[in-house]
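Since the structure comes first, as structure tokens, the remarks are kept for the end.
The values are calculated or read from the model by the stated rules, or taken from the named source; none is laboratory data. Computed from a predicted model, the values in this text were never measured in an experiment. Note that each Cβ is placed from the backbone with ideal geometry, even for glycine, and that neighbours are counted across all protein chains shown. For accessibility, only protein heavy atoms count, side chains too; no ligands or nucleic acids. Shrake-Rupley method; radii C 1.70, N 1.55, O 1.52, S 1.80 Å.
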Amino acid sequence: MSSAHDSAHHESFISKYVFSTDHKVIAIQYLFMSLFFLLFGFCLVMLMRWQLAYPGQPLPLIGKMFGEINMPGGVMLPQFYNQLGAMHGTIMVFLGVVPLGFAVFGNYLIPLQIGAKDMAFPRLNMFSYWSFFAGGMLMLSSFFLPGGPASNGWTSYSPLSDISHDGQTIWLLSMFIIIISSLLSSLNFITTIFQLRAPGMTFERLPFFIWAQLITSFLLLLAFPPLEGAAFLQLFDRLLGSSFFLPTGLFVNGQLADVSGGGNALLWQHLFWFLGHPEVYVLILPALGIVTEIIANNSRKNISGFNLMRYSVIFLGFLSFVVWSHHTYLTGMGTNITAFFQTTTMIISIPSIIIVSSLFITLWGGSIRFNIPMLFALAFLPMFGFGGLTGLPLGLAATDIPLHDTYYVIGHFHYVVAPGVILGLFAGIYYWYPKATGRKMNDILGHLHFWPTLISMNFVFFPMLIQGLMGVNRRLYDGGVTYLFAHDVLYWNVIISWAAWVLAVAQIPFIFNFFYSMFKGEKVTSDNPWQSTTLEWATPTPPPHGNFTKPITVYRDPYSYSLEGAPKDYSPQDQKEI
């Protein structure tokens, strides 16, 4: 162990903090980049919300900065609106939420929670981060192309994506690099969990966070290659003249397209959504793992139904590969195959209900501590539950067909990802911040962040469900002004936009708190300030290179709280005596 510390002390700044192989430094690199991409993607939708609230009106102050091509006189053009929408979705999902939940928390906590010194493949871990960085920078560079970035939605459906401007080529190349990063991280996480567990750390003693990361890794490893292949095929269509997704008889601008034809545009949809639905659980599972750790700690109880939760997350991961085609009911699927996907979609809600119900039951009779991480974790439960509930009508063809491509879909998906997943990720940042920095984040600023965020999120996304039920299409750049049937609910566009801008302002206390607390925050007086039981709290604060200063052996389950006869209300996993 001492040699590891000595080598760390003699590393140069570049090797220690830039091209580092330490999983904790890599996690922090991912953290800053993913938060940057989340902020950038959020800024894009702020521009869109102005156009939806006040269509045809110039954007004050900054409108003319975007040029006459995109916003002549400060008024947004449809093409620029489409570009903002495509890049908002892509950046938030693939460069923001997924790396924050999976790569940041996974990199930092997996070795710590299983008692390992580092990842199984440290250099591969470094390469994974720099692949993510390169893919993200390439994606951002497309904003400077003459035609602008991709404009075909975050799903990039063919045949439109096959024949659009050069921004789509950059989108495909960027996604190819980002997918490589995710695949390498997945391999690293799986190998680390299987091979580097401390003595006594059986699979039954793994924290639920580790189970969530393990299943997430398998989902990425198995679901991303089809999209990788699809991106290659679309690149061939665009650059080499092939027609994998271009059918015969395709007309473009009234002219018969000069392509070989014979392709199938629906093939792209199947390849994309074969990733796309497991991707939903790639977003959700890390947040569920984080929330489970926080609820167990702050209710001072073992997780109720912990074994059932483990089996449920495994079953959920398996079933997520056989539900993708509920996204394609509108393509004319046969009744038998439609019935199959309706059935699997209803079944997949069961393991999610089991997990959330177990967490609610855990709260019953607990000595609950309402600190900032716990507030975010508690808010996650009903918000995620409501998001899942609104998805049930979309799993049945009879109700999905009229709701397809309306704002109802936007409201449902964002209820899962924003008030759901992102609240869980905020909870994790507040919870493990003292371990990473040795200081706590300010509680008053935490409340100023939590309450406006929770309230404004609901004012943003709930009205979208109302608009969707009225049939307002999700891709109308004027918000539906040209449709008479939408006029009764168009006033919600103004309310949604103002709520979104309040949500943006609500992030200022978090940003200030995050950086201020690094230097001026209250110092923790213990390596285990939350009095937790899992192994990451057995390290010094912050953890050094090599993590642990003594050999680690695991003696008990991860959530040994309030054990009968124990002198304290928590019994750490590495503590032999109760």
How much accessible surface does TRP154 have with a 1.4 Å probe, in Å² rounded to 10?
40
Calculate, for segment 418-478, the solvent-accessible area per residue in square angstrom, rolling a 1.4 angstrom probe over the heavy atoms of the protein chains.
34
Hey, what angle do you get for helix 122-141 against the long axis of the chain, alpha-carbon based, 0 to 90 degrees rounded to 10?
30
Given the Cα-Cα distance of VAL505 and THR248 and 0.36 nm per residue of separation, how much length would full extension add, in nm?
87.5 nm
Residue by residue through segment 187-203, the couplings from Karplus 6.51 cos²θ - 1.76 cosθ + 1.60 with θ = phi - 60°, in Hz, x for Gly and Pro, are 4, 5, 5, 4, 4, 4, 5, 6, 10, 10, 5, 5, x, x, 7, 6, 4
Accessible carbon and sulfur surface of the chain relative to its total accessible area, %, 1.4 Å
69
Would you mind checking which residues have amide H under 5 Å from VAL252's amide H? H placed 1.01 Å from N; only 5 or more apart, or other chain.
ALA257
Expressed in nanometres to one decimal, the distance between label points 7 Å along Cα→Cβ at ILE69 and PHE321 is 4.4
Enter the angle in degrees (range 0 to 90, nearest 10) between the Cα long axis of helix 306-319 and the first principal axis of the Cα atoms of the chain, meaning the one along which they spread out most.
30
Hey, can you grab everything whose amide H is under 5 Å from the amide H of THR406? Only 5+ residues off in sequence or another chain; H modelled, so Pro and N-termini drop out.
ARG474
With a sphere of radius 14 Å drawn around the Cβ of ASP574, what net charge do the other residues whose Cβ falls strictly inside it have (Lys, Arg +1; Asp, Glu -1)?
+1
To the nearest 10 degrees, how steep is helix 105-114 against the longest Cα principal axis of the chain, on a 0 to 90 scale?
30
Just to confirm my numbers, what's the Cα centroid distance between segment 503-548 and segment 152-225 in Å?
27
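Considering only protein heavy atoms, with the full assembly of protein chains and a 1.4 angstrom probe, order HIS545, HIS88, HIS23 by accessible area, largest first.
HIS545, HIS88, HIS23
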Check which residues have an amide H placed less than 5 Å from TYR570's amide H, if you skip close sequence neighbours.
SER562
Whether the chain is rounded, prolate or oblate, judged on the alpha carbon gyration tensor where a/c under 1.5 counts as rounded
prolate
Karplus-derived 3J(HN,Hα) from phi for segment 40-57 (6.51 cos²θ - 1.76 cosθ + 1.60, θ = phi - 60°), whole Hz, x at Gly and Pro, runs 5, x, 5, 4, 4, 6, 4, 5, 4, 5, 5, 4, 6, 6, 10, x, x, 9
What is the distance, in nm, between label points placed 7 Å from the Cα along the Cα-to-Cβ direction at LYS520 and at LYS576?
4.7
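Given only helices, namely DSSP H runs of n ≥ 4 each adding -39500 (n - 2.57), what is the per-residue ellipticity at 222 nm of the chain, to the nearest 500 deg cm²/dmol?
Estimated from H runs of four or more residues: -20000 deg cm²/dmol.
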Distance-filtered residues of segment 85-121 - backbone nitrogen under 18 Å, label point 7 angstrom along LEU160 Cα→Cβ:
85-91
Top positive-direction residue, dipole computed over segment 220-334 with Cβ charges, set GLN269, TRP324, ILE295
ILE295
With the cut-off at 1.5 for a/c, could you classify segment 327-486 from its C-alpha gyration tensor as rounded, prolate or oblate?
oblate
Taking a ≥ b ≥ c as the square roots of the Cα gyration tensor eigenvalues, with a/c under 1.5 meaning rounded and otherwise prolate when a/b beats b/c or oblate if not, segment 512-578 comes out oblate
Say each of MET137 and PHE360 gets a label point 7 Å from the Cα, pointing the same way as Cα to Cβ; how far apart are those two points in nm?
4.8
Using the Karplus curve 6.51 cos²θ - 1.76 cosθ + 1.60 with θ = phi - 60°, work out ³J(HN,Hα) for each residue of segment 496-509 in order, rounded to whole Hz, and write x for Gly and Pro.
4, 5, 5, 5, 5, 6, 5, 4, 5, 5, 5, 7, 4, x
Over segment 190-252, with the other protein chains present, what is the accessible area per residue in square angstrom, probe 1.4 angstrom?
38
